[in-house]
Each structure stands twice: as C-alpha cells, then as structure tokens.
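Since the structure comes first, as structure tokens, the remarks are kept for the end.
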Amino acid sequence: MNILVLGSGGRENALAWKLAQSPRCDTLLTAPGNGGSTNALDLDPLDFEGLAKAIQTHNIQLLVIGPEQPLAHGLVDYLKQRTDLGPLKVVGPSQKAALLESSKDFAKGFMNRNNIPTAEHKTITAETLVEGFRFIDQLQAPYVLKADGLAGGKGVLILSTADEAKRELSLMLNPQKNRSEASKVLIETFLHGMECSVFVLTNGTDYVLLPTAKDYKRVGEGDTGLNTGGMGVVAPWPHTSPEFLNEVAQTIVEPTLKGMAKEGQPYTGFLYVGLMVVQGKPYVIEYNCRMGDPETQAVMPLIKSDLIPWLEAAAAGPWPTGTLEWNSGVASTVVLCSKGYPGSYETGLPLRLPESDSALVFQAGTRKTETQLLSQGGRVLAVTGLGETLPEALQQAYEYLDALNWSGGFYRRDIGYEWLNNESR
C-alpha cells in the first residue's frame, strides 16, 4: 500500500514513524514534511489540486491528514468528489464535521443539543459586547475567553480579573487592534479539575479509543506564562482506568458520534476530545478534528497493533475484529523550542542530533539542506522517552535533550511534575 501523510509537524513525523512499521506499507510519503521526513513532497497542504495530482502520480491508496487547516477548508469533500483518484481512502472528517474544531460556537451548541457535559458559556460578537461585560460580571474568577475559529491550540486566554477579561474581550473583537480576527468570542466558566486528552478513531458509527494523554500548554514551568501549541506530554493520563474510559465513552464519545450522524454529518477519522475532569466527572473543554501535537508523539509509541487496518476502516471500510492493543508502560514527550517561542524567534540555526538507543526523536520545526539540519519553527523537536514508570520515561527524554545541549532553544524541565512529588528537574 502506498501511503501519504499530509503535514509538516512533529505529529506527522510520529504518524509516519508508526505507519512505516506496518508490513502493509510499501511506500510512505509526506507532504511537505520536515527535516526528519523521508520521501517528502514539496506541496502545500492547502493546494488541493496539487495534492490530487500527487495522489495520481504516486498511486496513493491511503491519505492520512495531519493538520486541521485542510480539513476545515474541505479537503476531504474535495477528494471524495474526484472520480479520477483510484481506490483512495482518506482519513479525516468532512468540512462540516470539522466545525467541531473550526467553530467553537458550533461545538458548544452541538454539545448543548446533545447533552454532552461542558462548561457554561456565552458567545459574544462586537454588537453584543455589553452583554459580554454583563456575563463576565456574573462569573467568578478566573475568566476564560476563546476565539471562535482555528487557533492552533493558542486561542484561549485565562484571566484573573474581570477588568482584564473585559479589556481582552474588546481587543479580540476588534481586528484593528491586531489581537484577533475573531468575529465571535466565547466566554466560559472556569472548570477546576484535571486536564485529560482522549483520542478516538472512528468511521462515524464504530470507534476505538487510543491511549489517553496529559499535555502541557503553558510555556513556563509550573504551568505559567503564555499558551503554546504544547510543551510536553505524559501518556497515558495517570488516572486512566477502565471505569473512567467507560464513562467517557458513554457520556461523551457515543453521544458525539450519534449527534453528528443525527445532524447529517457523520464524523470520520481522528477525534481529539479535550477534557476537564472535575471530581471524577469528565467535561468537554474542546474538540479537535485531528490528533494533537505533541500528544501524537507520545500516543503512537504506545500503540502495539498495526494501525493501518483501523485507518482503512475509519476511511472507508468495515470495522476490524479484535482490539487495538496498547503497549504497557508510559511515554513522556518533551518539546524543544526555539528561544523566544511562542513570541518571535530566530530560525536557520544548525542542529546536530545525537544518536540514541532509547529516546525517540520526532522532528517538527526543522529543514534539511545538503549539508546540515536547521531549525525552522517555534517547536523544533519532540523527544519521547518510554519506560515502565513515568520517571523512567522522563529520564530518557531529558538525558537526550541534555546531551543535545542546543544553545538556540529551551524546554520545560517539569513535565509530569504533578506526579513527581511536585519536584521539577
């Protein structure tokens, strides 16, 4: 089978790593890929016509779409309308199903219509700004503001005072202030609890749960500073249990799939459900219409089974018999970032990656020249350690990063700190 993984980040690097292990994988390509990709095609993920030509040229039979932008722009719909692409199977939701991520307002309305537990909220526009101020006055600190559209994991503000919340709300709804182009902003009640990410692979009716995870969004240690695309991951979430997974399946996953089907948009592909677990009860804080980054870099190494039959089923086939098996133990991922991220940062800095017999190194913001590997983005590498315990897994990741000793970057040294007696490295 010829497979194409679409995207350029660490998530796509990890997906390609996993799929290349399958005996059913004959040729694996990525587009556009990064410095760690083999058989990379120089192709913009939003160039639908160019992608279709590449599918024909390389006889692609399975397309796995990594990032959210092409899904939100209707890539799956476009490819399914093409009758000249052969027996192509596409893993990903339709444009309307992808509204679960591309419109937080849609997602909240959907959850309310289908009795899926989530935080209380109100959607505000520039015309209803005063109503937004009144709603803020009814809430208790802290205050959560979410831009309605795609934000790459960075469109959320958590503010400590009502005055701050009102000021930021005004700026987010005023594009002239260069803070946001959002036409809508959601104000949510803040849920106090533990965060957990649940990943689903589905054909719209049948589904399988992948290993859970806990990611770390804040740039600073102790979960301080600005939100980022993700600084590290622990997988599975340490409080995962069969009882917890069963409750998530019954109260969230199944109502989501049934609700999307009922509304005429069956959901297929990967679904990321971001949860806040409050006194043992899971609440949805966001949906993503794809796998997370850097969660994929921790989740893929924990999947023991060949993933290709399940991807085929999610795209266009009968559901596999048996179970998707997980490896025992723990995966921990630590992200190496360019200095200055998530603000401005320098690119084009050389990297020399040490060999490792233990840590898995997934490249993200990199590019390769004929002679060297260079930094290309804010999140440069995702280094994953595996172990029977969290300390063992973290030790592998941190030992690699310490040996790398890259002067152009930084990384959080406290991933997993909640479960390590609150001690950072």
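The values are calculated or read from the model by the stated rules, or taken from the named source; none is laboratory data. These figures come from a predicted structure and were not determined experimentally. Positions of Cβ are backbone-derived with ideal geometry, glycine not excepted, and every protein chain shown enters the neighbour counts.
Here are a few things to note about the model shown:
- So Phe190, is it modelled with pLDDT of 90 or more, in a strand (DSSP E or B) and not basic (Lys, Arg): no
- Members of the range 228-245 found to be farther than 14 Å from Glu195 by Cβ and either surrounded by 15 or more Cβ atoms within 10 Å (Cβ to Cβ) or touching a residue at least 40 places away in the same chain (Cβ under 8 Å) (or both), listed by number: Thr228, Gly229, Leu245
- The condition of being buried (at least 17 other Cβ atoms within 10 Å of the Cβ), over 18 Å from Gly220 (Cα atoms), more than 21 Å from the chain's Cα centre (by Cα) and modelled with pLDDT of 95 or more holds for Gln395.
- The C-beta contact set for the range 7-27 (first residue under 13 Å from Pro309 (Cα atoms), second residue hydroxyl-bearing (Ser, Thr, Tyr), distance under 7 angstrom, 6+ apart or interchain) is empty.
- Flag for Glu168 being acidic (Asp, Glu) and in contact with a helix residue (DSSP H, G or I) (Cβ under 7 Å, 6 or more places away or on another chain): no
- In the range 137-171, residue modelled with the lowest pLDDT [restricted to those that are of a type in the set (A, V, I, L, M, F, W, C) and assigned to a strand (DSSP E or B)]: Val156
- Taking the conditions (1) in a loop (DSSP other than H, G, I, E, B); (2) surrounded by fewer than 16 Cβ atoms within 10 Å (Cβ to Cβ); (3) aliphatic (A, V, I, L, M) in turn, Leu85 satisfies each one other than (2).
- Of the candidates Gly109, Gly132, the single residue that is part of a helix (DSSP H, G or I), surrounded by fewer than 16 Cβ atoms within 10 Å (Cβ to Cβ) and of a type in the set (Gly, Ala, Ser) is Gly109.
- Total residues in the range 208-225, condition within 15 Å of Pro320 (Cβ to Cβ) and crowded, with 21+ Cβ neighbours inside 10 Å: 1
- Gln395 being closer than 30 Å to Cys196 by Cα and without any contact (Cβ under 8 Å) to a residue 24 or more places away in the chain: yes
- Residue within the range 259-269 that is over 28 Å from Gln69 (Cβ atoms), surrounded by fewer than 19 Cβ atoms within 10 Å (Cβ to Cβ), out of contact with any Gly (no Cβ under 9 Å at 6 or more places or on another chain) and among the acidic types (Asp, Glu) present: no
- Qualifying residue in the range 378-392 (condition: of a type in the set (Lys, Arg) and over 30 Å from Pro266 (Cβ atoms)): yes
- Among (1) closer than 23 Å to Tyr272 by Cβ; (2) in contact (Cβ under 8 Å) with a residue 24 or more places away in the chain, the one test that Asp77 misses: (2)
To keep it simple, each residue is scored yes or no on (1) among the polar types (S, T, N, Q); (2) more than 28 Å from Gly220 (Cα to Cα).
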site: Pro301; (1), (2): no, no
site: Pro309; (1), (2): no, yes
site: Thr323; (1), (2): yes, yes
site: Asn327; (1), (2): yes, yes
site: Ser332; (1), (2): yes, no
site: Leu360; (1), (2): no, no
site: Gly365; (1), (2): no, no
site: Lys368; (1), (2): no, yes
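- Residues satisfying the stated conditions in the range 218-227, i.e. touching a residue at least 40 places away in the same chain (Cβ under 8 Å) and not in a loop (DSSP other than H, G, I, E, B): Val219, Gly220, Leu226, Asn227
- Flag for Thr83 being free of Cβ contacts under 8 Å to residues at least 24 places away in the same chain, among the polar types (S, T, N, Q) and more than 21 Å from Glu12 (Cβ to Cβ): yes
- Flag for Lys214 being in contact (Cβ under 8 Å) with a residue 24 or more places away in the chain, more than 22 Å from the chain's Cα centre (by Cα) and either farther than 17 Å from Cys289 by Cα or outside the structural domain of Gln395 (by TED's automatic domain parsing) (or both): no
- Within the range 38-82, tally of residues that are in a loop (DSSP other than H, G, I, E, B) and hydroxyl-bearing (Ser, Thr, Tyr): 1
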